[in-house]
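What follows is calculated from the coordinates using simple rules that are stated; it is not laboratory data. As the structure is a computational prediction, the values presented were derived from the model and not from experiment. Every residue, glycine among them, receives a Cβ derived from its backbone with ideal geometry; neighbour counts consider all protein chains shown.
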Amino acid sequence: MPLARVTLLCSILAISIGCSGGTEPGGGSITTSGTVAYGFTGLGPDSWNVTGAVPANDAEQRRGTWSAAHRDNSAAVVTVISTRPSSALNHHDQTLISIPSLTTGTHTVDITACDQINEDCPMIELFYGHQNTGVLFQNYCYVHSGSIAITSITDSRVMGTFSGTGRCYGSGGFDMGDFVVTNGTFDVGYLSAIPGWI
């Protein structure tokens, strides 16, 4: 199953451990760091501007402020991950961007045209108010139609832009209205593996 779909299913089904990848051992920070930034509406006007190095343990990763990516050479997919503390105590917000390419170029996000079960689809997702130690989240938004562009990619870093429109949903699946992402940018280094709790 494609990584983007696995990530989506793991989060929605609240399987917080062991869905994919692993974590770096020990304490402190992993040298991988980066920035993800964008404006959005749908849960009230808001903006995302997250810069930081990835903490090396699960608990700090969930509480921390950081942005990074995982490059899967065998599947030819880059997954951008960005996390910040939520306004709710002991919760975090998380942005996930999946790009099925290891080269520069623009990729169309279109959930009606991509088979999310059998294909690695371009995806932009936001989880809002996810429990740090539990399995519940307050809101989930994803882009139905938009674009993701890789503007630079090397063996250690990926840069690009993104935007689009979609919908937001509550934890019970009820529709919360439009989700609009504007002026999105990412400039991130690579993790050796996606943290298992994502």
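Peptide packing: for 68-77, 168-177, the average count of neighbouring Cβ atoms within 10 Å per residue gives the ranking 68-77, 168-177, highest mean first.
Suppose R0 equals 25 Å; then what is the FRET efficiency for THR161 and LEU102 from their Cβ-Cβ distance, rounded to the nearest 0.05? Please report the intermediate quantities before stating the final value.
Details: r = 17 Å, r/R0 = 0.68.
According to the calculation, E is roughly 0.90.
Amide H to amide H, which residues 5 or more places from MET176 or on other chains are under 5 Å from it, using H placed in the peptide plane? For MET176, whose amide H was placed from the backbone, the distant partners under 5 Å are CYS168, TYR169, GLY170.
Mind ranking 178-184, 32-38 by how tightly packed they are, going by the mean number of other C-beta atoms within 10 angstrom, highest first?
Values: 178-184: 18.7, 32-38: 20.3.
So the order, starting with the most tightly packed, is 32-38, 178-184.
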